[in-house]
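Asker: Below you'll find the structure I mean.
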Amino acid sequence: MAGIVTWQFRHLLAIGTPLLILIAAYLFYFVDQTVATSMCANAWFFAVPLVLGALTGVIGERSGVVNIGIEGQMLTAAFASFFTAAATKSLVAGVAAGILAGVAMGAFLAWTTVTARMDQIIAGVAINIVATGITSFFYKSGAQLPVNMPQWNVPVLSKIPLIGETFFQTGPIALFALLIAPVLHFAMFRTRWGLRTRAIGEYPSAADTAGINVNRMRFVNVVLAGILAGAAGTYLSMEATSSFSRGMTAGRGFLALAIMIFGAWRPLRVVAAALFFGFANALASQLQGVVDIPQQFVTLLPYVLTLAVLAIAAGRVRAPAAEGVPFIKGEGQ
Amino acid sequence: MRSKFVLSAPVFVLALGLAGCGGSTGGAGSGATPTDCSSSETFCVGLVTDGSKIDDKSFNQAAWAGVQKAKDSLGAYVRYIEPAEAKDYAASIKQFTDQKYDVVITVGFLTADPTVAAAAQNPGTKFIGVDQLLDTEKVKSPNLTGLTFPADQAGYAVGYLAGLLTKTGKVGAINGLEIPPVQKYFKGYEAGAKASNPKVEVVGVYHPAGGQPFNDPVWGAGEAKKQLSQGVDVIFGIGSNTGNGALNEVAKSSGAGTTRFCIGVDVDQWGTLPEARPCLVTSAEKLISDGVAELLGQAGDGTLKGGNFLGKTGISQFHDFDDKIPADVKAKVEDVVKKLADGSLQTNVVL
Amino acid sequence: MVPLVALAAAFSVGALLIRSQGVNPAYAYESLFSYALLDGSGLTATLQKVVPLVLCGLAVAIPLRLGLFNIGGQGQFMVGAIGAAAAAYALRSAPGIVTIIVTMVVGVLAGSMWASIAGLLKAARGVHEVISTIMLNSVAGGLIDWMLNGPLADEQVPYPASHAVPGSAQLPPIGVVPIGLPVAVTLAVATAWLLRRTTIGFRFETVGRNRYAASYAGISIRTTTVVAMGIAGGCAGLSGGIELVGVEPYRYQDGIAASLGFDGITIALLARGNPIGTIPAALLVAAMRAGAPHLALDTGLRPEIVDMVLAITLLFVSLPLVVKLIFRKHAAKGSQLASSWGA
């Protein structure tokens, strides 16, 4: 009996929370249309790289590989995409190069941690340092994108008040981020691939017994996740801006890690967490100079709010059990 | 243990071999001719950045351009150092003073303290502190010149232009960290806009502290996007790469250059930030390279005096917008610039 | 042995890179290290960097023992330094020695408190330490920015900065040795002792290896978590305090923390979590960083080259496969530092 009540309660939460947020957003919209729209659009603009970065982490960790090199993956991708696009005068080549760079860094992480069984945290830190080194060492100023990335208005959907302007009047990578999250959510929890991925992250020896090649699957997943990190980096240098500057990720890769955990390793919750962060950020800059408290306190808001929410909600979220541990066949786990 | 060492020995040998195979070709590296700066014939100029890179499209780059400008006329030997962190400023300056450089230029207010200290210890070397206002009560070294700029005047001038350009009655600014060099520009901008258009609304936002306030172009772009959709139609980007991100966003938006405009900062960003050209009407300039070159020229002929030196500010050319801005607007702005320069107009900016 | 081989290998790769830029690698390395270790002011710069690197390395290495990943060294350092700055200003008319002692204590306590917030959130509410320390870094940045513009601002300085430590409490290097060096070295040794020879160390170790066994044995995981974070924060905070009284300009201003918190991660990993190992690791990183500007001036190479070499070193140090290739035997199985984020 209690079980059913809990079940109902959980589903009520899962549907009720987004609904409440939506209602609140539209209430706000009716109070001040321009401010609400611009703040929501700003929130999503800010959230896109965080969503993509955090999803990179989700795929890795669900398969049992901790990835703290997301910052480095993003930075390399931002560098590669921008300079390739500038050199070849082709946006497509640029985006491809960015994604390839993300994949290459993912492959590197996979090789060191899965194949060579190196400590995963060290591998991630090394990726970050290497990325900073390479991108500043080879950086040359003066390059320029041939044209700007297109801005798309999705037919019909972009006409919806508030939501349309927030999510459907954007560039291709932002749209990709919006699409990939539910797809990944479905894949993770409703497909064979997802089941296997979760199995190798939770209980690899059981998965192995069931005939899954644990290390190969981990390898492939980490490499594939690189696509998302690559897209995140490309977004930074080609879509959100049209320039590359040294260290332009500005800690977003680490923030993405926090959002991954905040989102409890679930793709849709990751989107919600990233949006929350983006909105808090938009609120902070909107309130600057309006409320009569020091500007710094307002800008602290998102960080303090996140801590408070986590402390109060204290969803005892649990990391995948086997993450961080290399799988060696025949050695328990 | 012994066997391990034997096994690893080839690696060392390889390392040494690789290192050695350079021979004399690499020799002193690229252009590191051991110039003797202690002799009176060679005029040596060293520049220490504030931790940003020499190609930062802003301050350091402009100061270095000033050095380059003076290089030929003085026949000088010039080098620069990019310290990695604040702790390294003093050691970086010392590298130049140890080699008896004739002039050492330090860039940015963060390097002010070590510059003052070094000037006191090396009376034979001339020091130029860019953007460093000296407290002449305390600092009396005759070999130290602080080069500062009335940024509020440049801000006022572009603000005046913004007030005339806006159709929506709302102008904005995306700022780096809330520190005096940035505030001066912004408050000048605010005052200028209000002067030309009393009904104008000026909105400005500062980057949150922590992180990289001057190197977060994505944040700048996001804030610019927000201001644009809230009806702002002129945006002033103050704060290195963060501001550049904002200008970039305006340039990409629809109506860039016709209904929406952006204004650059520190240097003429028409040259340093070509991606902003679609909207870039002008830039609020600190004439850094001119100031540096002028002071270096004085150092060269021995007339450089210690103390504070007030450089010039101005607004850049309108470039492609020259024929798009109405003549009466241009005339009014020119008038304001002139009055600011001769002191008949005060910005009344207080920090 | 492994680190030395890794170092040699990394320097070989670095040599190739330097060569590709048209500079003689032998000359470049000589220039880098002769300035960083043999030149008077270069050596001071190196040793001055060693101190915070060792301490921030310890701030990462200690919690790593029980599987906690402290990304918050940055914030803890900053809070320690600003606490020390406030204390030094409050005691500006007290005798120097009193100011120094109180300043250090305040620095340690402030850093420790800041890290304990993450420890407490973890222990009491299960909030993940990676999130909380990342958030706390940003919160520290904002609060300190406000203090530097408000309550702690030195009005004489035209940019945000705290008041300088009074002259009697400033501790410039003695010769080439910065005052913090013996402190940092002693602390590294003491930490090694603490982890190996005391009950606290035993508790850390047990919780790190198997938290269920630990709690079955009556070790409180919550207390251990808070204590470990507290000690780690104390190290980072002390580092901030030392930086304030021992390094010019003896005041808190932007950039004082540089990227120390993150460098601490590198150090802890290079040292493979071993407290004593942080000393050579810090010396290597410090020498390369201190020598980099000189290298750039001397050869025209970009100073970032040292970061590349460091990253490759880190990789080679920790890549079991490399070890295996070299020694033709099984790689050490115990190369895992943090088994997981810890649930």
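Asker: Checking a compactness column here: for the stretch B:196-261, what do you get for Rg(Cα) / (2.2 N^0.38 Å), N being the number of residues?
Answerer: Ratio of Cα Rg to 2.2 N^0.38 Å: 1.11.
Asker: Moving on. Considering every pair of different Cα atoms, what Kirkwood radius, in Å, is found for the stretch A:190-279?
Answerer: This gives a value of 15.3 Å.
Asker: Over 5 Å intervals from 0, what percent of Cα-Cα pairs in the stretch C:242-311 sits in each interval?
Answerer: 3, 15, 19, 21, 20, 16, 6, 0
Asker: Using a Förster radius of 25 Å, what is the FRET efficiency between residue B:42 and residue B:68 based on their Cβ-Cβ separation? Nearest 0.05, please.
Answerer: Efficiency, from the Cβ-Cβ distance: 0.90.
Asker: Tabulate in residue order the Karplus-calculated ³J(HN,Hα) for the stretch A:82-90, using 6.51 cos²θ - 1.76 cosθ + 1.60 with θ = phi - 60°, rounded to whole Hz; enter x for Gly and Pro.
Answerer: Running phi through 6.51 cos²θ - 1.76 cosθ + 1.60 with θ = phi - 60° gives 5, 6, 5, 4, 5, 6, 8, 6, 9 Hz.
Asker: Same structure again: Take the alpha-carbon positions of the stretch A:56-206, form their convex hull, and give its projected area averaged over all directions (one quarter of the hull surface) in nm².
Answerer: For the stretch A:56-206, averaging the hull's shadow over all directions gives 11.4 nm².
Asker: Oh, and also: Please report Rg over Rh for chain A, where both radii come from the alpha carbon positions and Rh follows the Kirkwood definition.
Answerer: 0.99
Asker: Mean 1/r over all different Cα pairs, inverted: what Kirkwood radius does the stretch C:82-140 give, in Å?
Answerer: The answer is 12.7 Å.
Asker: Then there's this: What helices does chain C hold that run 24 Å or longer along their axis, going by alpha-carbon atoms, with a Kyte-Doolittle average of 0.5 or more, using DSSP H for the helix calls?
Answerer: Both cut-offs are met by C:2-20, C:40-64, C:73-90, C:96-125, C:129-149, C:180-197, C:221-246, C:278-299.
Asker: Another question, then. Nearest 500 deg cm²/dmol is fine: what mean residue ellipticity at 222 nm does the protein assembly as shown get from its DSSP H runs of n ≥ 4 alone, each adding -39,500 (n - 2.57), divided by its residue count?
Answerer: So the calculated ellipticity at 222 nm is -20000 deg cm²/dmol.
Asker: Still on this model: For the Cα atoms of chain B, what angle does the longest principal axis make with the long axis of helix B:180-196, in degrees from 0 to 90, nearest 10?
Answerer: 20 degrees
Asker: Given Cα positions, please report Rg to Rh for the stretch B:83-235, the hydrodynamic radius being the Kirkwood one.
Answerer: Ratio value, two decimals: 1.11.
Asker: Same structure again: Beyond 21 Å, how much of the Cα-Cα pair distribution for the stretch C:1-121 remains, as a whole percent?
Answerer: 62 percent
Asker: Could you tell me the convex hull volume per residue, in Å³, taken over the Cα atoms of the stretch B:218-346?
Answerer: Value for the stretch B:218-346: 141 Å³ per residue.
Asker: Moving to a separate point now. Which residues make up the longest stretch of chain A that has no trypsin sites (Lys or Arg not before Pro) in a DSSP loop with at most 14 other Cβ atoms within 10 Å?
Answerer: A:141-315
Asker: So if I take the centroid of the Cα atoms in the stretch C:64-139 and the same for the stretch C:1-59, what is the distance between those two points in Å?
Answerer: Going from one Cα centre to the other spans 30 Å.
Asker: Give the Cα extents of the stretch C:49-276 along the principal axes, in whole Å, largest first.
Answerer: Extents along the principal axes, in whole Å: 58, 37, 30.
Asker: Could you give me the percent of Cα pairs per 10 Å distance bin for the stretch B:289-351, shortest bin first, beginning at zero and ending with the bin that holds the maximum distance?
Answerer: In order of increasing distance, the bins hold 16, 33, 30, 17, 4 percent.
Asker: Can you give me the three principal axis dimensions of chain B from its C-alpha atoms, in Å, biggest first?
Answerer: Rounded to whole Å, the extents work out to 80, 55, 36 Å.
Asker: Sticking with this one: When the Kirkwood hydrodynamic radius is evaluated over all pairs of different C-alpha atoms of the protein assembly as shown, what value in angstrom, to one decimal, is obtained?
Answerer: 29.6 Å
Asker: To the nearest whole percent, what portion of all C-alpha pairs in the stretch B:149-195 is separated by more than 12 angstrom?
Answerer: Tail of P(r) above 12 Å: 56 percent of Cα pairs.
Asker: Please compute, for the alpha-carbon atoms of the stretch C:207-270, the extent along each of the three principal axes and give them in descending order in Å.
Answerer: 52, 23, 16
Asker: Moving on. Given a Förster distance of 35 angstrom, what is the FRET efficiency for residue B:324 paired with residue B:100, based on the Cβ-Cβ distance and rounded to 0.05?
Answerer: FRET efficiency, residue B:324 to residue B:100: 0.10.
Asker: Is the shape of the stretch A:229-333 best called rounded, prolate or oblate, per the rule: a/c under 1.5 gives rounded, else a/b larger than b/c gives prolate, else oblate, with a ≥ b ≥ c the square roots of the Cα gyration tensor eigenvalues?
Answerer: Oblate, because a/c is 1.5 or more while a/b does not exceed b/c.
Asker: With a cut-off of at most 15 other beta carbons within 10 Å, and DSSP calling the residue loop, which chymotrypsin sites (Phe, Trp or Tyr not before Pro) in the stretch A:54-159 qualify? Please list them.
Answerer: Passing both the DSSP loop test and the Cβ count: A:138.
Every read-out reported here was derived from the displayed coordinates using simple, explicitly stated rules and does not represent laboratory data. Just so you know, these numbers come straight off a predicted model, no measurement behind them. Methodologically, a virtual Cβ is constructed for each residue, glycine included, from the backbone with ideal geometry; neighbour enumeration extends over all protein chains shown.
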